[in-house]
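Structure first, then comments.
Each reported figure results from applying straightforward, stated rules to the coordinates on display, with no laboratory input. All values reported here derive from a predicted model rather than from experimental measurement. Using ideal geometry, Cβ is built from the backbone for each residue, glycine included, and neighbour counts are taken over all protein chains shown.
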Number of protein chains: 2
Amino acid sequence: MIDVALLGTGGMLPLPERFLTSLLVRKCGRMLLIDCGESTQVTMKMLGWGFKNIDVICFTHFHADHISGLPGLLLTLGNSDRTQPLTIVGPKGIEKIVGGLRLIAPELPYDINFIELENNIEEFTVGGFALKALKVDHRITCYGYSLEVARCGKFFPEKAERLGIPKPMWSQLQKGETVENNGIVYTAKDVLGEPRRGVKLCYCTDTRPTEAMRDFFYGADLLIYEGIYGEDEKLPKAEKYKHSLFSEAARIAKAADVRELWLTHYSPSMPEPELFLDNARAIFPNTYIGEDRKTREIKFAEE
Amino acid sequence: MIDVALLGTGGMLPLPERFLTSLLVRKCGRMLLIDCGESTQVTMKMLGWGFKNIDVICFTHFHADHISGLPGLLLTLGNSDRTQPLTIVGPKGIEKIVGGLRLIAPELPYDINFIELENNIEEFTVGGFALKALKVDHRITCYGYSLEVARCGKFFPEKAERLGIPKPMWSQLQKGETVENNGIVYTAKDVLGEPRRGVKLCYCTDTRPTEAMRDFFYGADLLIYEGIYGEDEKLPKAEKYKHSLFSEAARIAKAADVRELWLTHYSPSMPEPELFLDNARAIFPNTYIGEDRKTREIKFAEE
């Protein structure tokens, strides 16, 4: 139902063997990108999903390692003959920041729309993606994101037949639309069962753990969450710079009852994050080390 | 006398196997960088000369592929505990452009000074580097750079002895300083021969060939010049976007009587520039394909 690619796993600065943390999501051929640090377009090129179909770019916050790749990517999108508008989402002030960066990318063949986030929780749909944003706890305003794909109830053809609804109208009802037959209006509810579990993906980096995260991430198929350091001894440093440890990520994943956790946004001082994986798995066994261009297809569950 | 590293050889956008065109020069342990596109700090990291000793960053022009890596590099310099001021050189307007980019890198532990270029030819010394800049012919204002290390004449100890200058004063005279002995003032001219050939390095990209280049590059030990396309058939495209072909680079190198030419700033559409090297060598045999992190030590000539 959606394809997910973790484009990079680093924090602070791009390294020869590690790109900066960024996430690409693909749904029905259209794409959404979260964060775009320096070199993100290079790892995107290596991934091979193309550039042209990115409709939305969300930013967690304005630290350079999450946004410095934007001007280059905007130009590359322009060179891919894109003309459809692009939507950029981010904390309040994003339009001004992008204006500054666009001094070196002033001419683009497409328009940019902005969605500026202000509240603690925001909910909106853009480019076909149903998103929520949660204000988290970093040194500057920062948001985590949740993307959900809803799934309607199961279709019961016997109900439609019993109601005498002509077959050509069935697909409209299955899409949630309303149809009229012989003067009677039918809704999806008449032929569908209870809404089923959809898919939910969460991405959150550059923050201390917060209380609100448990509800916000609750039941996610996949949570991608930062683990700047693997060792618990580095808690004071994580607290000072407002980041999270492996063990903290795992505790949040457990509390929010997510299905799977990927760690990311590793400190450049941690060349081998896998050495500390057990510090997370002891708390939440279904934790994995995020790797550059690690991909996952998240499907609706079989019934 | 100077060490030169061509950090990347690409134009337009960084590629998985090719960084953007940029040059690092090292002299007496201090460094000067020309151009800083997205990912330049990654290839610098791979090169291993460090970041901290960069005192000067020059920009040819404001197209993103030459400047988009600046905010990330400024932060990396800050994280290397740099506190000495940095000088940024570029076409008029550079301070405003850097101001826009610094919206995502507002806090740095060092000051930035600016030198804005306005005239067709400018000459200045900054951070111990004697530089000249030549306005060239691109779609926006663009400069080529020339860096020269002068060399004083040969020292004749017999002259110093004949004049009765005490030995401890000799090294001052060799540095071009003035000394006084028994009421008589001596200058370097009294003990040195004619000034000798120093070293000269030129870097020029994103331009059509111009008349003024011959004098500007004249006699350079190394000319690094763009070759966006290898084939002469692409002249109309090079003219349209104001770039130069391999053969044009070679003609300039020949006319300016340089010692060696390195090509760079290859189009992403040209994955194997070496296939077209003969198009340049037929005109200027001492042409080489620039490669990412190709280095060269340029010394004073043996006498």
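Overview of results
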{"quantity": "On Cα atoms only, tilt of A:70-79 relative to the major axis of chain A in degrees", "calculated": "50"}
{"quantity": "Relative contact order, percent, chain A [alpha-carbon distance under 8 Å, six or more residues apart]", "calculated": "17"}
{"quantity": "Coarse-grained scattering of the stretch A:133-238 at q = 0.11, 0.14, 0.16, 0.23 Å⁻¹, given as base-10 log I(q)/I(0) from a Debye sum over alpha-carbon atoms", "calculated": "-0.56, -0.68, -0.76, -1.14"}
{"quantity": "Distant alpha-carbon pairs in the stretch B:234-283 (separation over 17 angstrom), percent", "calculated": "35"}
{"quantity": "Cβ-placed point charges (K, R +1; D, E -1), dipole of the stretch A:153-194 about Cα centre in debye, nearest 20", "calculated": "80"}
{"quantity": "Alpha-carbon gyration tensor eigenvalues x 5, square-rooted, for the stretch B:202-303, Å", "calculated": "22, 15, 12"}
{"quantity": "Taking A:Thr9, A:Thr87, A:Thr43 and counting other C-beta atoms within 10 Å, the order from fewest to most", "calculated": "A:Thr87, A:Thr43, A:Thr9"}
{"quantity": "Order by protection proxy (mean Cβ within 10 Å, highest first), peptides B:257-268, A:264-275", "calculated": "B:257-268, A:264-275"}
{"quantity": "Cα gyration tensor, the stretch B:1-130 - rounded (a/c under 1.5), prolate or oblate", "calculated": "rounded"}
{"quantity": "Cut-off 13 Å, label 7 Å out along Cα→Cβ of B:Glu123, residues of the stretch B:196-218 by amide N", "calculated": "B:216"}
{"quantity": "Fewest-first ranking of B:Cys142, B:Cys152, using other Cβ atoms within 10 Å as the exposure measure", "calculated": "B:Cys152, B:Cys142"}
{"quantity": "Cα-based equivalent ellipsoid of chain B: semi-axis lengths in Å, sorted from largest, via gyration tensor", "calculated": "36, 25, 17"}
{"quantity": "The protein assembly as shown - charge dipole about Cα centre, Lys and Arg +1 at Cβ, Asp and Glu -1, debye rounded to 20", "calculated": "40"}
{"quantity": "Violating pairs (Cα-Cα greater than 30 angstrom) within the set A:Lys92/B:Lys240; A:Lys96/A:Lys294; A:Lys52/A:Lys92; A:Lys96/B:Lys234; A:Lys132/A:Lys299", "calculated": "A:Lys92/B:Lys240; A:Lys96/A:Lys294; A:Lys96/B:Lys234"}
{"quantity": "Nearest-ten-degree value, helix A:246-255 long axis tilted from longest Cα axis of chain A", "calculated": "20"}
{"quantity": "Those GluC sites (Glu not before Pro) in the stretch A:15-117 that DSSP places in a loop and that have at most 16 other beta carbons within 10 Å", "calculated": "A:Glu17, A:Glu107"}
{"quantity": "Volume in Å³ per residue [convex hull over Cα atoms, computed for the stretch A:153-194]", "calculated": "55"}
{"quantity": "Rounded to the nearest 20 debye, dipole of chain B from Cβ charges on Lys, Arg, Asp, Glu", "calculated": "440"}
{"quantity": "If the convex hull is drawn through the Cα atoms of the stretch B:62-113, its volume per residue in Å³", "calculated": "72"}
{"quantity": "Dimensions (Å) - the protein assembly as shown, Cα atoms, principal axes, largest first", "calculated": "120, 60, 36"}
{"quantity": "Peptide-level mean, for A:68-79, of C-beta atoms on other protein chains within 10 Å", "calculated": "5"}
{"quantity": "Test item: A:97-108 mean partner chain Cβ contacts at 10 Å", "calculated": "4"}
{"quantity": "Taking A:Tyr225, A:Tyr143, A:Tyr218 and counting other C-beta atoms within 10 Å, the order from fewest to most", "calculated": "A:Tyr218, A:Tyr143, A:Tyr225"}
{"quantity": "Shape of the stretch B:1-56, Cα gyration tensor, a/c cut at 1.5", "calculated": "prolate"}
{"quantity": "Residue with peak Gaussian network fluctuation, chain A [Cα springs, cutoff 10 Å], from A:Asp35, A:Asp81, A:Asp221", "calculated": "A:Asp81"}
{"quantity": "Cα-based convex hull, the stretch B:72-161, per residue volume (Å³, whole number)", "calculated": "150"}
